[in-house]
Amino acid sequence: MEDLKLRDYIEKKNGNKLTEKERKNSTLKSNNCNDRIFAYIKKNGNKLEEVKWDGEGCAIFSASSSFIVENLKEINDIKKGKEFLDLFKNSIENDNYKNEFKIFSLLKKHKSRKKCVLFVIEAFKEELEKI
């Protein structure tokens, strides 16, 4: 069941159409695997008005990017968004895949892919810190 949910996130690749202006104002990160993300968040007060990403990378990179965007949009609050990203990071680092993070439990077997997820989390954390 978790595999199907993860596949859904891989296929969604939501929020991947940034304008040139949004790219200029986004957080760009890349890693040694050639994953590259532009994380973009527009706020309105304490609320997250827009959450998007653009980039290219492996399937786990794409799934985690889409997962984060969907959850941040649903949370729609800067402070709670930061808390969510901290929980997600802790889950990945400690192989503790409960609740909404359960779909990433395959990382227990594929530990080298953890860096793909952590890289995406850090990009969105940096973007939230800019706000």
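The values are calculated or read from the model by the stated rules, or taken from the named source; none is laboratory data. Quick caveat: nothing in here was measured; it's all calculated off a predicted structure. Every residue, glycine as well, gets a Cβ built from its backbone with ideal geometry; the counts of neighbours run over all protein chains shown.
What pairs come up if the first residue lies in segment 105-131 and is without any contact (Cβ under 8 Å) to a residue 60 or more places away in the chain, the second is part of a loop (DSSP other than H, G, I, E, B), and their beta carbons are under 8 Å apart, counting only those six or more places apart or on different chains?
Correct list of pairs: Leu107/Asp95; Leu107/Tyr97; Lys108/Asp95; Lys108/Tyr97; Arg113/Cys58.
List the number of the failed condition for Tyr9; all other conditions in (1) at pLDDT 75 or above; (2) assigned to a helix (DSSP H, G or I); (3) of a type in the set (Ser, Thr, Tyr) hold.
Tallying (1) at pLDDT 75 or above; (2) assigned to a helix (DSSP H, G or I); (3) of a type in the set (Ser, Thr, Tyr), Tyr9 fails exactly one: (1).
Considering every residue within segment 49-70, establish whether at least one is within 23 Å of Thr19 (Cβ to Cβ), free of Cβ contacts under 8 Å to residues at least 12 places away in the same chain and more than 11 Å from the chain's Cα centre (by Cα).
The answer is yes; a qualifying residue exists.
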